[in-house]
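Read through the structure below, which is laid out as structure tokens, and then see the notes.
The values are calculated or read from the model by the stated rules, or taken from the named source; none is laboratory data. As the structure is a computational prediction, the values presented were derived from the model and not from experiment. Glycine also receives a Cβ, built like all others from the backbone with ideal geometry; neighbour counts cover every protein chain displayed. Just the protein is used for accessible areas: all its heavy atoms, side chains included, with ligands, DNA and RNA removed. Shrake-Rupley method; radii C 1.70, N 1.55, O 1.52, S 1.80 Å.
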Amino acid sequence: MRRVVISGTGFHAPAPRISNEELVAAFNAYVRRHNAEHAGEIEAGTRQPLAESSAEFIEKASGIRCRHVVDKAGLLDPERLVPSIAERGDDQICVQAELAVAAARGALAKAGREAADIDAVIVAATGLQRAYPAVAVEVQQALGARGYAYDMNVACSSATFALRSAVDAVACGSARRALVICPEVCSGWLDWRDRDCHFIFGDAAVAMVVEAADDAVSAVRFEVLGSRLQTQFSNNIRNNFGFLNRCEDGDPLARDKLFYQQGRKVFKEVCPMVAEQILDHIGEHGLTPADLSRLWLHQANINMNDLVTKRVLGPDFRREQAPMVLDEYANTAAAGSVIAFHFHSDDLLTGDTGVICSFGAGYSIGSVIVRKL
Ligand SMILES: CC(C)(COP(=O)(O)OP(=O)(O)OC[C@H]1O[C@@H](n2cnc3c(N)ncnc32)[C@H](O)[C@@H]1OP(=O)(O)O)[C@@H](O)C(=O)NCCC(=O)NCCS
């Protein structure tokens with residue numbers, strides 16, 4: 001088996017950016033209009049009024065200050081609160097592939113590679129823009145990569161699960177060089193009218209070049225020492241959108257066809273599982289928490305990450321040991337942990353070790369131990 005490295009990462013976020021204040025202003029305008037329209041029923045007690053959101057709550061509960069999105073105007077229109085994205089023809093690149101290509105180009109440049117050097121492309125995301133052809137195949141063609149390409153979805157853990165697939169493919173020789181790309185258009189499946197979750201997600205894409213250690217030419221390389229994947233079924237984070245919706249004689253636009261969750265339960269159940277997995281996984285590699293220079297955790301919520309980090313590194317951890325990017329980008333689903341890795345790994349020294357760890361719906365948890373060469 002060949003030793004395998006991540007030889008380059010790339011990142012792309014759409015330019016439109018929405019602060020908590022802007023988001024809350026649009027949401028509260030929608031709430032006031034809705035309550036005014038239903039004033040009679042609300043007064044009669046036959047309908048509950050909608051409650052307003054608050055920028056202070058959002059930052060305190062999540063650590064999020066803003067998010068980048070593919071469209072801002074539609075999202076901030078109180079009558080719409082849905083991104084407005086022009087339909088594209090079959091002869092045009094789709095929105096998700098466009099984000100993926102931008103991130104992939106950055107990763108290729110950092111790895112010192114051309115697209116033609118790539119012979120496997122995995123697009124791994126919580127939502128795929130269409131059923132088929134695979135978005136990955138469109139990305140492969142847009143880049144000019146060779147070999148094969150496929151999509152996969154393990155919700156917020158898609159990146160680490162795809163990284164494992166790419167590492168295995170390179171280690172076994174079924175691919176020489178792979179691209180793992182997470183283009184997340186979360187704004188498309190978030191209910192921007194739901195006060196409990198309207199602030200959580202943002203759009204962004206991240207990519208990694210994965211190749212054999214003895215083949216890589218980039219200045220910065222992280223060897224993948226091992227990965228561990230875990231899934232355990234839960235309904236606490238769910239989205240029932242799917243191709244059978246139209247056959248079910250229900251409402252294909254009903255609330256359950258977008259992201260919904262039991263946030264508190266997720267918090268309580270997932271954090272201990274994640275900490276236990278990281279500790280057990282590093283132990284299997286003969287490592288202790290003191291050997292870890294960094295944790296690049298899924299970027300869902302600062303309080304969740306602080307709890308996991310405390311359990312793994314101890315109560316006196318420093319912020320730079322578990323960097324956050326969600327203040328600027330919010331929860332970018334599968335992309336989050338790799339975005340943290342992209343922005344906060346160049347300063348590590350040869351021999352420094354860290355863990356990229358994702359967690360989310362499924363439940364799914366993926367931990368990948370990496371060491372800087
Ligand atoms: C989503 C999450 C940030 C919500 O935070 P929370 O502290 O659990 O918030 P709760 O839903 O319990 O609500 C707490 C209070 O804030 C209020 N609240 C909820 N949303 C609000 C908003 N947007 N603005 C103002 N107040 C709000 C609630 O009404 C509640 O008020 P009450 O105490 O008077 O009843 C949190 O549960 C979480 O991070 N869960 C982890 C799961 C996750 O992020 N998953 C993403 C996919 S991996």
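The table for this structure:
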read-out	value
Contacts under 7 angstrom Cβ, first residue in the range 29-56 being assigned to a helix (DSSP H, G or I), partner of a type in the set (Lys, Arg) and modelled with pLDDT of 95 or more, 6 or more apart	Tyr30/Arg193; Glu41/Arg47
Hits in the range 121-159 - residues which are among the acidic types (Asp, Glu) and in contact with a strand residue (DSSP E or B) (Cβ under 7 Å, 6 or more places away or on another chain)	Asp151
Residue list for the range 260-295, filter: open to solvent by less than 20 Å² (accessible area, probe 1.4 Å) and under 22 Å from Ser187 (Cβ atoms)	Val266
Residue count, the range 141-193 (criterion: away from the ligand (no atom under 16 Å from the Cβ), open to solvent by 10 Å² or more (accessible area, probe 1.4 Å), in a loop (DSSP other than H, G, I, E, B) and among the hydrophobic types (A, V, I, L, M, F, W, C))	1
Residues of the range 315-373 classified as β-branched (Val, Ile, Thr), crowded, with 20+ Cβ neighbours inside 10 Å and in a loop (DSSP other than H, G, I, E, B), total	2
Check on Asp214, within 16 Å of Ile58 (Cα to Cα), open to solvent by 10 Å² or more (accessible area, probe 1.4 Å) and not in a strand (DSSP E or B)	no
Verdict on Ala125 being more than 16 Å from the ligand (Cβ to nearest atom) and either over 29 Å from Ala166 (Cα atoms) or touching a residue at least 24 places away in the same chain (Cβ under 8 Å) (or both)	no
Boolean, Gly366 is over 21 Å from Val123 (Cα atoms) and either in contact with a Leu (Cβ under 7 Å, 6 or more places away or on another chain) or more than 16 Å from the ligand (Cβ to nearest atom) (or both)	no
Residue check, Leu287 away from the ligand (no atom under 16 Å from the Cβ), at pLDDT 95 or above and not in a strand (DSSP E or B)	yes
The range 22-65, subset surrounded by 16 or more Cβ atoms within 10 Å (Cβ to Cβ) and among the polar types (S, T, N, Q), residue nearest to the chain's Cα centre (by Cα)	Ser62
Single residue of the range 296-305 satisfying the filter (assigned to a helix (DSSP H, G or I) and over 22 Å from Ser227 (Cα atoms)) that is most open to solvent (accessible area, probe 1.4 Å)	Asn303
Every residue from the range 106-126 that is assigned to a loop (DSSP other than H, G, I, E, B) and open to solvent by less than 20 Å² (accessible area, probe 1.4 Å)	Ile118, Ala125
Test: residue in the range 228-240 that is open to solvent by less than 60 Å² (accessible area, probe 1.4 Å) and of a type in the set (A, V, I, L, M, F, W, C)	yes
Pair list, Cβ under 8 Å, 6 or more apart: the range 277-304 residue of a type in the set (Lys, Arg), other residue assigned to a helix (DSSP H, G or I) and surrounded by 15 or more Cβ atoms within 10 Å (Cβ to Cβ)	Arg294/Gln321
